[in-house]
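Peer 1: This is the structure, below, for whatever I ask next.
The values are calculated or read from the model by the stated rules, or taken from the named source; none is laboratory data. All figures in this text were calculated on a predicted structure; none of them were measured in a lab. For neighbour counting, all protein chains shown are included, and Cβ atoms are generated from backbone atoms with ideal geometry for every residue, glycine included. The accessibility values were calculated without ligands, DNA or RNA, using every heavy atom of the protein model including side chains. Shrake-Rupley method; radii C 1.70, N 1.55, O 1.52, S 1.80 Å.
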Protein chains: 2
Amino acid sequence: MFQIRLQVFSYLRRKEGHAVDIALLGNGTVAKGLISHLQSQKNKGCELFSIRHILLKPDESLPDPVFTSSIDTILNDKDVSIVVEAMGGRHPAFEYLKAAILSKKHVVTSNKELVSFHGAELARLAQENQVAFFFSAAVGGGIPLLAYLRDTAQQETILEITGILNGTTNFILDAMTRRNLDFKDALYQAQKLGYAEADPTNDVEGFDLLYKLRIASCVAFGQWIDKESIARLPLHTIAAGDIEFFRKRDMTIRYLVNTLRNDNGFVATIQPTAVSSNGISAQIQRNNNLFLCRSDRSGEQILVGQGAGALPTAGNIHRDLQRISKGERMMINGAEPTLSADNGKLALRYYIRLSPFAAEMFPMEKVTETFETDLGVVLITHPVSVTWMFDRIDELRVIDARIFVCAIQTVKEGE
Amino acid sequence: MFQIRLQVFSYLRRKEGHAVDIALLGNGTVAKGLISHLQSQKNKGCELFSIRHILLKPDESLPDPVFTSSIDTILNDKDVSIVVEAMGGRHPAFEYLKAAILSKKHVVTSNKELVSFHGAELARLAQENQVAFFFSAAVGGGIPLLAYLRDTAQQETILEITGILNGTTNFILDAMTRRNLDFKDALYQAQKLGYAEADPTNDVEGFDLLYKLRIASCVAFGQWIDKESIARLPLHTIAAGDIEFFRKRDMTIRYLVNTLRNDNGFVATIQPTAVSSNGISAQIQRNNNLFLCRSDRSGEQILVGQGAGALPTAGNIHRDLQRISKGERMMINGAEPTLSADNGKLALRYYIRLSPFAAEMFPMEKVTETFETDLGVVLITHPVSVTWMFDRIDELRVIDARIFVCAIQTVKEGE
């Protein structure tokens, strides 16, 4: 379980009237967003954090003494209290943060890949070295959802977290839904606007969501969920006809992550999901994010906002800096165990669009409705176990690589 | 401006392994919710706060030594670090909290009326006496919206706050919209379910919203808005026909509060407002609340959740206790100035449903459409100054006490 920490923390040593010195690893979009935040505070006459070093890549020129290409300069500078990692990628970000922690510096990162892969080790090291390890910006961009989870987990039992946590794919789904674009055009627009990478695999196949699900689940439940055990469906085989199919049924497709506490442990899924067009999820437009947390006492709480963008993301980093300066230290325990999700007992209805040949391979006793469409055959299943369904999809994908599968959310009764 | 406080706070004196002793004023729904929260923590083996006294009314029997009918017992008990007020009403809650502060005890309250009327004085006193004053549960029940505002205001400029902050009236509007009830039946159901008081004036005429708007604005903007200057329209003259009028135009009525920063200061309104049926506000069902904060860096952030109820509300109180135990002290400055809202420059379109006789008094050059309905005449105005409109409504209400007026939100373009 998440352990409550009510110990007396030592505050940052601060010379009277002097800001806390920080070092920034990286000088990309998020780093520039943070620089802009801190500059704006300084302009208001309340400078709390001062950037002492900015680490550039070895081959970049150093136009100003604040820039350095040597991590050792930062590690050896006793005045640097906090190291903020905004380089992206697993390496050398991991090695740099490890070294910073061992040099007794607090660390903050917005790097979801890094936290998903190495968060457990960094948390353990930070705890041993009595420094802070925060990563609020790693999930939800500017939405303070990890902080909400942490505060709630200290008081209540969190039962479920779910949400739209990838802005790129929500932009694509929203463009396909409201502007009738096909997948390729919607992706192209997302790329043109800087929402999607040239190689969109991480977003459209759900790896970005996998990192985020693991991090949010760890903060919420105090457990790392083994990544191989998470049921993940890709989005990229979706076609305009799939959107249209659900539009006629007053439903809208969203790319949802979900972790649900059950008797045995956790269900964990990443799936395109048809939701009611009259619910809040369907109203999330463009690249916005939605996050829902259900806990035993506070019930359902929903947060909606900009899940990406330099300034919002830097806002979460900035709040982490404030937490450190107030004496807070950890978002997760250094010793959270890893467990496998158990998706066998969750039963969901599925929409499967596939070639007529592949459709013949699907056990028809699980099918409640069949449609012939321009894109192929559509099967709607009875509620089936997620584990069983994923085994079937693995088999079908060998026959039809363009298969598109999405879960169908049961619409709750209004009253 | 909201002042950033990054001083070194002294932590609560705590005997090793001993919980912080608190006293609870009142034993109603919210108090019982908090008792349940703390009991559940104790059962998990992590008791951080222990209830030492519960103040009952003078005429109540004292079934257990934890109960007392004497505030002095609490004030004189040196072991009590925090006093939590959950009695409701302005008096004697105000006097008790004042005395607690003067006895150097931290205070927490969920009493919106008290904070709206006496928050400035309590904040000043708490600051002078170096104790904490928190009231997160006063607005939004279990939604951590004041904490979000405070954290954001420390970093950014908040430009606008808006939302559905009264669960009772949202329950009524939702029942009228989705279940076609008329106002009286919807109110009766809300009363039966315990959402509305026997005398619903505070909810349906917007006084509850007035308190909440003032408190949220003070946390967001560091200014108390003079209550007389807030443009407030009541809801209770609404009829099924008004809902129907907007339904045909894909709009839904919600009872919104709004504070908007402009060149001169602030616009502050509490109005039934027709919003797009495809937006998030229209999806807020039953007695849920929605809160939107727009700031210069994080953009729009929306929080949705249970705006009332014993357990969610106690969740916000519980988080306040944790804040105090971590060394945090204030949500607002003790010296926030009061200023008047200036609603003269905000122009909105209005829906006015009134008697044919009253309609004749309305300046027709401001009207863009007129409808004759079963309920009377409906006028739709051009965008008009809110101040001008409220002067007209005051005149018209003398002639037609059943007049219903609501603002019409301009629907934002999809892209």
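Peer 1: For A:LEU290, are the conditions met, namely being within 16 Å of the chain's Cα centre (by Cα), of a type outside the set (Val, Ile, Thr) and farther than 28 Å from A:ARG124 by Cα? Before the answer, list the steps.
Peer 2: On the way: within 16 Å of the chain's Cα centre (by Cα): yes; of a type outside the set (Val, Ile, Thr): yes; farther than 28 Å from A:ARG124 by Cα: yes.
Here the answer is yes, as A:LEU290 does meet what is asked.
Peer 1: Do we find a residue being touching a Lys or Arg at 6+ places or on another chain (Cβ under 7 Å), over 28 Å from B:ASP151 (Cβ atoms) and away from every other protein chain (no Cβ under 14 Å) anywhere in the range B:242-249?
Peer 2: For the range B:242-249, residues touching a Lys or Arg at 6+ places or on another chain (Cβ under 7 Å), over 28 Å from B:ASP151 (Cβ atoms) and away from every other protein chain (no Cβ under 14 Å): present.
Peer 1: Go through the range B:27-145 and tell me which helices (runs of 4 or more DSSP H), entirely inside it, have 2 or more residues that are within 14 Å of chain A (Cβ to nearest Cβ), of a type in the set (D, E, K, R) and open to solvent by 60 Å² or more (accessible area, probe 1.4 Å). Before the answer, list the steps.
Peer 2: On the way: elements: B:29-43, B:71-76, B:93-102, B:112-128.
Once the helices (runs of 4 or more DSSP H) in the range B:27-145 are filtered for at least 2 residues that are within 14 Å of chain A (Cβ to nearest Cβ), of a type in the set (D, E, K, R) and open to solvent by 60 Å² or more (accessible area, probe 1.4 Å), what remains is B:29-43.
Peer 1: Can I ask one more? What number of residues within the range A:351-392 are open to solvent by 30 Å² or more (accessible area, probe 1.4 Å), among the hydroxyl-bearing types (Ser, Thr, Tyr) and part of a strand (DSSP E or B)?
Peer 2: Final tally of qualifying residues: 4.
Peer 1: May I pose another question? Got at least one residue in the range B:288-309 being in contact (Cβ under 8 Å) with a residue 24 or more places away in the chain, touching a strand residue (DSSP E or B) at 6+ places or on another chain (Cβ under 9 Å), under 28 Å from A:GLY299 (Cα atoms) and among the aromatic types (Phe, Trp, Tyr)?
Peer 2: yes
Peer 1: Continuing with the same structure: Determine whether A:ILE332 is closer than 21 Å to A:GLU156 by Cα, away from every other protein chain (no Cβ under 13 Å) and either open to solvent by less than 20 Å² (accessible area, probe 1.4 Å) or modelled with pLDDT of 90 or more (or both). Give the derivation first.
Peer 2: On the way: closer than 21 Å to A:GLU156 by Cα: yes; away from every other protein chain (no Cβ under 13 Å): yes; either open to solvent by less than 20 Å² (accessible area, probe 1.4 Å) or modelled with pLDDT of 90 or more (or both): yes.
Yes; evaluated as a whole, the condition is true for this residue.
Peer 1: Which condition number does B:LEU292 fail, the rest of (1) touching a Gly at 6+ places or on another chain (Cβ under 6 Å); (2) modelled with pLDDT under 95; (3) surrounded by fewer than 23 Cβ atoms within 10 Å (Cβ to Cβ) being met?
Peer 2: Unmet condition: (2).
Peer 1: Does A:ARG349 satisfy the condition of being of a type in the set (Lys, Arg), touching a Phe, Trp or Tyr at 6+ places or on another chain (Cβ under 6 Å) and either under 30 Å from A:MET87 (Cβ atoms) or modelled with pLDDT of 95 or more (or both)? Even if it seems obvious, please write down each step before you answer.
Peer 2: Working: of a type in the set (Lys, Arg): yes; touching a Phe, Trp or Tyr at 6+ places or on another chain (Cβ under 6 Å): no; either under 30 Å from A:MET87 (Cβ atoms) or modelled with pLDDT of 95 or more (or both): yes.
No; evaluated as a whole, the condition is false for this residue.
Peer 1: Here is a further query. Examine the range B:313-326 for a residue that is open to solvent by 10 Å² or more (accessible area, probe 1.4 Å), at pLDDT below 90 and within 30 Å of B:HIS18 (Cα to Cα), and state whether such a residue exists.
Peer 2: Scanning the range B:313-326, I find at least one residue that is open to solvent by 10 Å² or more (accessible area, probe 1.4 Å), at pLDDT below 90 and within 30 Å of B:HIS18 (Cα to Cα), so the answer is yes.
Peer 1: Restricting to the range A:274-289, name every residue that is under 16 Å from A:ILE243 (Cα atoms), part of a strand (DSSP E or B) and either open to solvent by 10 Å² or more (accessible area, probe 1.4 Å) or among the basic types (Lys, Arg) (or both).
Peer 2: Scanning the range A:274-289 gives a single hit, A:SER276.
Peer 1: Which pairs have Cβ atoms under 6 Å, sit 6 or more apart or on different chains, and link a residue in the range B:373-401 that is on the phi > 0 side of the Ramachandran plot to one that is assigned to a helix (DSSP H, G or I) and surrounded by 15 or more Cβ atoms within 10 Å (Cβ to Cβ)?
Peer 2: Nothing qualifies.
Peer 1: For the range A:295-306: of the residues being open to solvent by 10 Å² or more (accessible area, probe 1.4 Å) and part of a loop (DSSP other than H, G, I, E, B), which is farthest from the other protein chains (Cβ to nearest Cβ)?
Peer 2: Out of the qualifying residues, it is A:ASP296.
Peer 1: Looking at (1) in a loop (DSSP other than H, G, I, E, B); (2) modelled with pLDDT of 90 or more; (3) within 11 Å of chain B (Cβ to nearest Cβ), which one does A:GLY344 not meet, given that it meets all the others?
Peer 2: Of (1) in a loop (DSSP other than H, G, I, E, B); (2) modelled with pLDDT of 90 or more; (3) within 11 Å of chain B (Cβ to nearest Cβ), only one is false for A:GLY344: (3).
Peer 1: Same structure, new question: Among the residues of the range B:307-329, how many are at the interface with chain A (Cβ under 7 Å from one of its Cβ atoms) and hydroxyl-bearing (Ser, Thr, Tyr)?
Peer 2: Of the residues in that region, 1 qualify.
Peer 1: Additional query: Determine if the range B:100-113 includes at least one residue that is touching a strand residue (DSSP E or B) at 6+ places or on another chain (Cβ under 6 Å) and acidic (Asp, Glu).
Peer 2: For the range B:100-113, residues touching a strand residue (DSSP E or B) at 6+ places or on another chain (Cβ under 6 Å) and acidic (Asp, Glu): absent.
Peer 1: Which of the residues spanning the range A:149-169 are within 14 Å of chain B (Cβ to nearest Cβ), assigned to a helix (DSSP H, G or I) and surrounded by 24 or more Cβ atoms within 10 Å (Cβ to Cβ)?
Peer 2: A:LEU149, A:THR152, A:GLY167, listed by residue number.
Peer 1: Another question, then. Restricting the range B:308-341 to residues that are in a loop (DSSP other than H, G, I, E, B) and of a type in the set (S, T, N, Q), which is nearest to B:VAL115 (Cα to Cα)? Write out each step before concluding.
Peer 2: Start the filter on the range B:308-341 by keeping residues that are in a loop (DSSP other than H, G, I, E, B), which leaves B:308-309, B:326-329, B:331-337, B:340-341.
Remaining after also requiring of a type in the set (S, T, N, Q): B:333, B:340.
On the way: B:ASN333: 13, B:SER340: 18 Å.
Across the range B:308-341, the extreme among qualifying residues is B:ASN333.
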